[in-house]
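The block underneath contains the structure these notes are about, expressed in structure tokens.
The values are calculated or read from the model by the stated rules, or taken from the named source; none is laboratory data. Given the structure is predicted, the values throughout are model-derived calculations rather than measurements. A quick note on method: Cβ atoms are made from the backbone with ideal geometry, for glycine too, and the neighbour counts reach across all protein chains shown.
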Amino acid sequence: MAGVIGTGSMGRGIAQVLAEAGVVVRLADADPGAAEAARGFIADMLARKIAKGQCDEAHRVATLDRLVIVPAEPEAFAGVDLVVEAIVEALDVKRRLFSGLEPAVGPDCILASNTSSLSVTAIAAGCAVPERVAGFHFFNPVPVMKIVEVVAGARTAPWVTAALTALAGRTGHRAANVADSPGFLVNHAGRGFGVEALRILQDGVARPVDIDRIMRDAAGFRMGPFELFDLVGLDVSQPVMESIYNQFFQEPRFRPSPIGRNRMESGLLGRKTGAGFYVYE
Ligand code: NAD
């Protein structure tokens, strides 16, 4: 049995893939009504899968039955084997959440964080048993992106990463085992790619549409960097770029372009605001 805390874009996806794999999931969110909304969203996603012939009604009903909404309180997670948090990206809040859960869950309960830019070691340092803490970093949208980074902090026990790797296999996600390091693997490489694209734009070398086309058609990327910025949202990408730069002690390779912060502050976030590097009707 698992718990998912934080039922926004990521938590709902994680809850869906776990429940579809047969795991009973207790769902909680600090925002009243958010867990119910997430369960409703998952119900719609499963209905779409039925329409596409990817599953049947029995699978939908059984999956929804496994999603149990509970209050966002530590006691609600007593007896679970794993808690995955997908709450706000703030170190002190994640630390408080895990240290608050520790007295309520059993000694073998894994505490996993979906953080994309914070140090797993630093999150674990707030716990009495840091060995049980690991990163379990999924990508958006979780049911579609079949990869997950299993991140070992400095004190994470090998049985913890082994259990998460096995669980990823159950959900059909390929686990990449990585050590705790700024941006882990995907954001270390990927944000470098985004930072460089912004620098090319800043230098006036090419327009976003041309950079994206080249990266798609010539370099073989599924999306260009600006299409990806718009999909993820600059409110998410910009802080991650800045965080990686700072965690690498201002390594010039990772220095973000001022263009990103400017656009974020002006509200040109991407698809979610109707305009980013592209305009969405
Ligand atoms: P989101 O804003 O969509 O959802 C976060 C949810 O957590 C909200 O529903 C909020 O009410 C809830 N929440 C906040 N603080 C809480 C608390 N203390 N207790 C319980 N619930 C709380 O955010 P998201 O995009 O799903 O991101 C969640 C985490 O996943 C972050 O750590 C983020 O860095 C990481 N992440 C995001 C993406 C992405 O593309 N969005 C990808 C990978 C990882």
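Inspect the range 92-100 for any residue being among the basic types (Lys, Arg) and away from the ligand (no atom under 13 Å from the Cβ) and give the result as yes or no. Taking every residue of the range 92-100 in turn, none turns out to be among the basic types (Lys, Arg) and away from the ligand (no atom under 13 Å from the Cβ). Number of residues in the range 9-32 that are more than 11 Å from Pro141 (Cα to Cα) and at pLDDT below 95: the value is 1. Do we have any residue at all in the range 234-245 that's surrounded by 14 or more Cβ atoms within 10 Å (Cβ to Cβ), away from the ligand (no atom under 14 Å from the Cβ) and over 19 Å from Ser266 (Cβ atoms)? The answer is yes, given that some residue of the range 234-245 is surrounded by 14 or more Cβ atoms within 10 Å (Cβ to Cβ), away from the ligand (no atom under 14 Å from the Cβ) and over 19 Å from Ser266 (Cβ atoms). Just one of the listed residues (Ala72, Ala76, Ala30) is touching a residue at least 24 places away in the same chain (Cβ under 8 Å), part of a helix (DSSP H, G or I) and closer than 26 Å to Ser116 by Cβ, namely Ala76. Determine, yes or no, whether Pro71 is within 16 Å of Leu97 (Cα to Cα), loosely packed, with under 15 Cβ neighbours inside 10 Å and out of contact with any strand residue (DSSP E or B) (no Cβ under 6 Å at 6 or more places or on another chain). Yes.
If you go through the range 145-164 one residue at a time, how many are assigned to a loop (DSSP other than H, G, I, E, B), of a type in the set (A, V, I, L, M, F, W, C) and farther than 20 Å from Ser9 by Cα? First the steps, then the outcome.
So the first thing to find is which residues in the range 145-164 are assigned to a loop (DSSP other than H, G, I, E, B), and the list is 145-146, 153-157.
Now narrow it down to the ones that are of a type in the set (A, V, I, L, M, F, W, C): 145, 154, 157.
Going one step further and asking which of them are farther than 20 Å from Ser9 by Cα, we end up with 154, 157.
Number satisfying all stated conditions: 2.
Taking only the range 253-275 into account, find how many residues are hydrophobic (A, V, I, L, M, F, W, C), away from the ligand (no atom under 16 Å from the Cβ) and in a helix (DSSP H, G or I). The total comes to 2. Ala19 meets the conditions (1) in contact with a strand residue (DSSP E or B) (Cβ under 8 Å, 6 or more places away or on another chain); (2) within 16 Å of the ligand (Cβ to nearest atom); (3) in a helix (DSSP H, G or I) in every case but one. The failed one is (2).
Pairing each residue of the range 229-251 that is touching a residue at least 60 places away in the same chain (Cβ under 8 Å) and aromatic (Phe, Trp, Tyr) with any residue that is in a helix (DSSP H, G or I) and surrounded by 18 or more Cβ atoms within 10 Å (Cβ to Cβ), provided the two are 6+ apart or on different chains, yields C-beta distances under 8 Å for Phe248/Phe254.
Within the range 101-125, which residues are assigned to a loop (DSSP other than H, G, I, E, B), within 11 Å of the ligand (Cβ to nearest atom) and among the aliphatic types (A, V, I, L, M)? First the steps, then the outcome.
So in the range 101-125, the residues assigned to a loop (DSSP other than H, G, I, E, B) come out as 102-109, 114-119, 125.
From the residues that got through so far, the ones that are within 11 Å of the ligand (Cβ to nearest atom) too are 114-118.
Once the filter is applied, which keeps residues that are assigned to a loop (DSSP other than H, G, I, E, B), within 11 Å of the ligand (Cβ to nearest atom) and among the aliphatic types (A, V, I, L, M), the range 101-125 yields only Leu118.
Of the helices (runs of 4 or more DSSP H) lying entirely inside the range 165-252, the ones with 2 or more residues being under 15 Å from the mean Cα position of the chain (by Cα) are found at 186-202, 225-232, 234-247. Of everything in the range 168-210 that is surrounded by fewer than 20 Cβ atoms within 10 Å (Cβ to Cβ) and acidic (Asp, Glu), the residue that is nearest to Pro239 (Cα to Cα) is Glu196.
Quick one: is Gly53 outside any helix (DSSP H, G or I), touching a Lys or Arg at 6+ places or on another chain (Cβ under 9 Å) and more than 11 Å from the ligand (Cβ to nearest atom)?
On the way: outside any helix (DSSP H, G or I): yes; touching a Lys or Arg at 6+ places or on another chain (Cβ under 9 Å): no; more than 11 Å from the ligand (Cβ to nearest atom): yes.
Considered against the rule, which asks whether it is outside any helix (DSSP H, G or I), touching a Lys or Arg at 6+ places or on another chain (Cβ under 9 Å) and more than 11 Å from the ligand (Cβ to nearest atom), Gly53 comes out as no.
Of the candidates Leu46, Leu64, Leu97, the single residue that is under 30 Å from Thr121 (Cα atoms), at pLDDT 95 or above and of a type outside the set (Ser, Thr, Tyr) is Leu97. Restricted to the range 74-90, and to residues that are at pLDDT 95 or above and near the ligand (Cβ under 10 Å from one of its atoms), which residue is surrounded by the fewest Cβ atoms within 10 Å (Cβ to Cβ)? Within the range 74-90, the match that is surrounded by the fewest Cβ atoms within 10 Å (Cβ to Cβ) is Ile87.
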